[in-house]
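Data first, discussion second: the structure below is written as structure tokens.
Any read-out appearing in this document is the output of simple, stated calculations on the displayed coordinates, not a laboratory observation. These numbers come from a predicted model, not from an experiment. With ideal geometry, Cβ positions are generated from the backbone for all residues, glycine too; neighbour counts draw on all protein chains shown.
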Amino acid sequence: MSFLGLSVIEIICLSVVAALLFLFLLLLSIGEILVTISLKRGSFIGKRVAKETKNSYPNYKIDLKWWKDYKLEEICVTSYDGKKLYPMILKAKEKTNKVAIIIHGYYAKYLEMNKYAELFYKLGYNVVLTQNRAHGKSEGRFIGMGWLDRLDMLEVIDSCISKFGQDCEIDIFGLSMGAATVCMLSGEKLPKNVKHLISDCAYASVYEQFKYVYESYTNLPAGGLTNLLDIYGKIRCGYSIKNADARTKLPNCKVPILFIHGKKDQFVPYSNLEKLYNATPPNLRHYFVFENAGHAECLPYNEEKYTQIVKDFLKDDYKELK
């Protein structure tokens, strides 16, 4: 028995090959969609987060008009893989060797970090505001989620040392994805200029965070989708979201680090704080919890307490930290 000159076995084999090819192309298509909505510049999730942030400017105390009284200087930093990054510098009112690097969150703008810039500026710092890869003017097609950004920050740190002097003292602050960047950066070989790290509402694992976000949006188990994002992300973005885990870096931290988190955070769950804290050397780890604050709301929730906690930490005074 045959069809078009093909035997039954040949027809079955061709059908299996066609089915496998279809499945392969389907998985590629889904993988491309996941990268596009999650990790690509202009991603769907990124735009949604940006829209929600803009609608909540008052809640976050974001005031873009704050910048009108200050002149910012743009510098160009070349990343480890050749991309042009454009941090912005707000120089201190008086000459100082103190530098604060402020790292923004996922799909955020450096201008939206006005309250954190104001905090460090009032403490007398030169303030350096990053524009992470695939954000703002900086180059890059794919978001680094902190994992690629940690290597970019090494170049930013070197540029700060060149600009502000070999004796400059650098404190690094990050919010959300920027906080994850701080945690991932902590285990790299940092110059002695880096004195303190502050992480506000960081996730521990990029993989776990995307799984949580997918499940929050779909109300369905998302392990398969997240695994596919990991596989396709390696091809398209150059890194594995499973490997992008701050807990692999924090054990090598060599400077004091402060973890801040809101207990009512529904975007980056509060449970991440314990994961990050437990991964850090006991003599260097500190934390403070704002009981009623949501995601990135700790400073807006209690600006006075937040400012005092940061000031005490930067003075190596830990009596109020838990």
DSSP bridge orientation in the range 42-155 - percent antiparallel, rounded to nearest 5 | 65 percent
The helix 8-38 Cα axis meets the longest alpha-carbon principal axis of the chain at an angle in degrees, between 0 and 90 and rounded to 10, of 20 degrees
From the backbone phi of the range 290-299, what are the Karplus-calculated ³J(HN,Hα) couplings (6.51 cos²θ - 1.76 cosθ + 1.60, θ = phi - 60°) in whole Hz, Gly and Pro given as x?
-> 9, 4, 10, 9, x, 5, 6, 10, 5, 5
For the range 231-322, what class follows from the C-alpha gyration tensor (a ≥ b ≥ c being the square roots of its eigenvalues): rounded when a/c is under 1.5, otherwise prolate if a/b is larger than b/c, else oblate?
-> oblate
Add -39500 (n - 2.57) for each DSSP H run of 4 or more in the chain, then divide by its residues: what number comes out at 222 nm, to the nearest 500 deg cm²/dmol?
-> -12500 deg cm²/dmol
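Give LYS192/LYS311; LYS189/LYS319; LYS192/LYS249; LYS98/LYS311; LYS65/LYS109; LYS51/LYS98 a once-over and call out the pairs whose C-alpha atoms are over 23 Å from each other.
Flagged as over cut-off: LYS189/LYS319; LYS51/LYS98.
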If you take every DSSP beta bridge whose two residues both sit in the range 191-293, what share of them, in percent to the nearest 5, is antiparallel?
-> 10 percent
Kindly work out what percent of the DSSP beta bridges joining two residues of the chain are antiparallel, to the nearest 5.
-> 30 percent
Provide the per-residue ³J(HN,Hα) series for the range 230-246, in order, calculated from phi with Karplus coefficients 6.51, -1.76, 1.60 and θ = phi - 60°, each as a whole number of Hz, with x at glycine and proline positions.
-> 4, 5, 6, x, 4, 6, 8, 9, x, 8, 9, 6, 6, 6, 7, 9, 4
Indicate the gyration tensor shape class of the range 261-315 (rounded, prolate or oblate), computed on the Cα atoms with a ≥ b ≥ c the square roots of the eigenvalues: a/c under 1.5 is rounded; otherwise a/b larger than b/c is prolate and the rest oblate.
-> oblate
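Ordered by packing density, taken as the mean number of other Cβ atoms within 10 Å over each peptide's residues, highest first, how do 179-185, 271-277, 115-121 rank?
The densest-packed peptide leads the list: 179-185, 115-121, 271-277.
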Calculated from backbone phi, Karplus (6.51, -1.76, 1.60) coupling profile of the range 180-188 in Hz, x at Gly/Pro | 4, 4, 4, 5, 6, 5, 4, x, 7
In degrees from 0 to 90, rounded to the nearest 10, what is the angle of the helix 149-164 Cα long axis to the longest principal axis of the chain?
-> 30 degrees
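Given a Förster distance of 30 angstrom, what is the FRET efficiency for ILE75 paired with ASP316, based on the Cβ-Cβ distance and rounded to 0.05?
Details: r = 29 Å, r/R0 = 0.98.
My answer for the efficiency is 0.55.
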Quick shape check on the range 167-295: root eigenvalues a ≥ b ≥ c of the Cα gyration tensor, a/c under 1.5 is rounded, otherwise prolate if a/b tops b/c, else oblate, and it reads oblate
